[in-house]
Amino acid sequence: MVMTAKPVECGPVEEISLPSSIVVTPAAPLPKVVFGARDVSVYYGDFRAVRDVNVDVYEHQITAFIGPSGCGKTTVLRCFNRMNDLIDAARVEGSVTYRGVDLYHRDVNPVEVRRRIGMVFQKPNPFPKSIYENVAYGPKVAGIKGNMDDIVEKALRSAGLWDEVKSRLKVSGMSLSGGQQQRLCIARAIATEPEVLLMDEPCSALDPIATARIEDLMQQIKNEFTIVIVTHNMQQAARVSDRTAFFTTEVNSESDTRTGLLVEVDETDKIFSKPSDERTENYVTGRFG
Ligand SMILES: Nc1ncnc2c1ncn2[C@@H]1O[C@H](COP(=O)(O)OP(=O)(O)OP(=O)(O)O)[C@@H](O)[C@H]1O
Ligand SMILES: [Mg+2]
């Protein structure tokens, strides 16, 4: 039905009641953009490792990066908390924003960036210190106020590790199993109260049980954090993520090098069932990579 607007004379306002058969569903609020990458390329010296990265990461969602080895997933992830600054040869071109602010602006403090945007690496890397100290170190350095015992307990509980370690907080973090060490690293990352967690293949060294625990954990904590995860495990991307970005590589014929590029990013269901690009389809169906 087409409705045309006619000027109406203002009179007394009558209360209108809708027939009970009409159900009014309020529109779902649009998710907020946390990161926006536009035309990002990353170079190591003269070598362009990855190009054409255009992606938005939304608040309280899990965004997965998938694609064959060497396509630049880790490189792009490191752009989001300026970890590439720590690699002398690395140079980022294009624009990366964090909540609308240019992350690479000269007034932005990279140390503060890394406090707000935590990272969990592929290989669990606890400090050679006690479980307690592993978690307390970050909040101490960041000057987070509050009772340290409470801060440590809260972070270990959020990481799903508290019950396993509460009676031995003074033993070395290195004495834990691989899956426990990875959860300790997650506790350490969330103890500084970041807003975002960047996870680079956090389960690649773990067995299916430890992997399932970390996947559950991600679902539980995504209400508080925004998560970007790099994974080679496509079932994992399909299980845990809301959106998926697929990267691939193209051979540079002159130099015989490979540059990564972002092919497409979309709702995870769409990427795995009806992707727009043939290269994505070939990859997710196992015909390539
Ligand atoms: N510190 C570095 N110095 C020089 N080149 C690098 C560095 N880190 C990565 N590269 C190069 O950049 C490209 C992308 O690497 P990156 O580690 O981002 O890929 P990836 O998609 O994470 O791969 P994988 O799945 O194997 O972890 C590769 O060609 C790699 O050799
Ligand atoms: Mg990587």
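Nothing in this text is a laboratory measurement; each read-out follows from the coordinates by a stated rule. All of these numbers come straight from a predicted model, not from anything done at the bench. Cβ coordinates were reconstructed from backbone atoms using ideal geometry, including for glycine residues, and neighbour counts include every protein chain displayed.
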For the charge dipole of the chain, defined by +1 on Lys and Arg C-beta atoms and -1 on Asp and Glu C-beta atoms about the Cα centroid, which residue among ALA89, ALA237, LEU169 has the Cα displaced farthest towards the positive pole?
-> LEU169
Starting from the Cα gyration tensor of the stretch 26-71, multiply each eigenvalue by 5, take the square root, and state the resulting semi-axes largest first in whole Å.
-> 29, 12, 7
Dipole magnitude of the stretch 158-289 about its Cα centre, charges +1 at Lys/Arg Cβ and -1 at Asp/Glu Cβ only, in debye to the nearest 20?
-> 640 debye
Starting from the Cα-Cα distance between SER21 and HIS60, subtract it from 0.36 nm times their residue separation and give me the gain in nm to one decimal.
-> 10.6 nm
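What trypsin sites (Lys or Arg not before Pro) does the stretch 127-166 have in DSSP loop regions with at most 15 other beta carbons within 10 Å? List each step's numbers first, then the result.
Numbers: sites: LYS129, LYS140, LYS145, LYS154, ARG157, LYS166; in loops: LYS129, LYS145, LYS166.
Passing sites in the stretch 127-166 are LYS129, LYS145, LYS166.
Among ILE221, ILE227, which comes first, second and so on when ranked by fewest other beta-carbon atoms within 10 Å?
Numbers: ILE221 18, ILE227 24.
Fewest-to-most ranking of ILE221, ILE227: ILE221, ILE227.
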Give the longest segment of the chain that steers clear of GluC sites (Glu not before Pro) in DSSP loops with at most 11 neighbouring Cβ atoms within 10 Å, not counting the sites themselves.
-> 16-253
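Determine the dipole magnitude for the chain: charges of +1 sit on the beta-carbon of Lys and Arg, -1 on that of Asp and Glu, nothing else is charged, the reference point is the Cα centre, and the result goes in debye to the nearest 20. Before the final figure, lay out the partial values.
Values: 34 positive and 39 negative charges, 203 e Å.
In debye, rounded to 20, the chain gives about 980.
Sorted by average packing, counted as other Cβ atoms within 10 angstrom per residue and highest first, what order do 196-203, 83-90 take?
Details: 196-203: 24.0, 83-90: 14.2.
Highest-to-lowest ranking by the protection proxy: 196-203, 83-90.
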With 19 Å as the limit, write out which pairs from LYS154/LYS222; LYS123/LYS222; LYS129/LYS166; LYS140/LYS170 have Cα-Cα distances beyond it, or answer none.
-> LYS123/LYS222
Does the stretch 143-195 come out rounded, prolate or oblate, given a ≥ b ≥ c as the square roots of the eigenvalues of its C-alpha gyration tensor, rounded meaning a/c under 1.5 and, failing that, prolate meaning a/b above b/c?
-> prolate
For the stretch 119-181, what is the relative contact order in percent, using Cα pairs closer than 8 Å and at least 6 residues apart in sequence?
-> 53 percent
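Could you tally the net charge around VAL165, taking each other residue with its Cβ under 12 Å from the Cβ of VAL165, Lys/Arg +1 and Asp/Glu -1?
Details: positive: ARG157, LYS166, ARG168, LYS170, ARG183; negative: GLU153, ASP163, GLU164.
Net local charge, VAL165 excluded: +2.
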Where N is the number of residues in the stretch 32-144, Cα Rg divided by 2.2 N^0.38 Å = 1.16
A student asked for the Cα radius of gyration and Dmax of the chain in angstrom ought to give 22.8, 79
Please label the shape of the stretch 150-238 as rounded, prolate or oblate, based on the square roots a ≥ b ≥ c of the eigenvalues of the alpha-carbon gyration tensor (a/c under 1.5 means rounded; beyond that, a/b larger than b/c means prolate, else oblate).
-> oblate
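If you take the square roots of the eigenvalues of the alpha-carbon gyration tensor of the stretch 61-208 and sort them as a ≥ b ≥ c, do you get rounded (a/c under 1.5), prolate (a/b over b/c) or oblate?
Values: a/c = 2.25, a/b = 1.45, b/c = 1.55.
Here the stretch 61-208 falls in the oblate category.
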Cβ charges +1 (Lys, Arg) and -1 (Asp, Glu), total dipole of the stretch 222-289, debye = 260 debye
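Return ARG243, ARG116 ranked ascending by Cβ neighbour count within 10 Å, so the fewest neighbours appear first. Can you show the working numbers first?
Values: ARG243 22, ARG116 15.
If I rank by nearby Cβ atoms, fewest first, I get ARG116, ARG243.
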